[in-house]
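Below is one structure, written out as structure tokens, with a few remarks after it.
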Amino acid sequence: EFLFEAFVLLEAVREKLPEEQQARLPDAVVEWLTQETRSDRRGYALHLAACWLAGQGRTLEAAALLESFLAAYPSHPRRSDVMRKAME
């Protein structure tokens, strides 16, 4: 029920972490990407991974994840944020 708020908080916390801790994705996010999980949680994980890749300068990989997100989750609460990130 509060998944959106939890991921907004997670993103805010990650942005405040020291750079060396931002250098890798949290294990939970990797698990959500690779395992069968709730689809909305996987959507958030795709968004976080795409932002992480973009922050690492890996823009083509980030764009591929963003496109996957947009194709798979047309009514996800993060859709507008993902669309903006994809246009960047």
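The values are calculated or read from the model by the stated rules, or taken from the named source; none is laboratory data. Every value quoted in this text rests on a predicted model; they were computed, and no experiment measured them. All Cβ positions, glycine included, derive from the backbone under ideal geometry; neighbour counts span all protein chains shown. Calculation scope for accessible area: heavy atoms of the full protein, side chains included, ligands and nucleic acids excluded. Shrake-Rupley method; radii C 1.70, N 1.55, O 1.52, S 1.80 Å.
A compact table of results
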item: Leu60 being open to solvent by 90 Å² or more (accessible area, probe 1.4 Å) and either without any contact (Cβ under 8 Å) to a residue 12 or more places away in the chain or under 18 Å from Met83 (Cβ atoms) (or both); result: yes
item: Evaluation of Ala86 against (1) of a type in the set (Gly, Ala, Ser); (2) open to solvent by 60 Å² or more (accessible area, probe 1.4 Å); (3) within 22 Å of Leu3 (Cβ to Cβ); (4) touching a residue at least 12 places away in the same chain (Cβ under 8 Å) (one fails), failing number; result: (2)
item: Qualifying residue in the stretch 15-23 (condition: without any contact (Cβ under 8 Å) to a residue 60 or more places away in the chain, surrounded by 15 or more Cβ atoms within 10 Å (Cβ to Cβ) and of a type outside the set (Gly, Ala, Ser)); result: no
item: Top-ranked residue in the stretch 1-41 [being within 17 Å of Asp81 (Cα to Cα) and among the aliphatic types (A, V, I, L, M); ranked as modelled with the lowest pLDDT]; result: Leu3
item: Sole residue being open to solvent by 80 Å² or more (accessible area, probe 1.4 Å) and not hydrophobic (A, V, I, L, M, F, W, C), chosen from Asp40, Asp27; result: Asp27
item: Residues being over 19 Å from Leu53 (Cβ atoms) and of a type outside the set (S, T, N, Q) - total across the stretch 19-40; result: 3
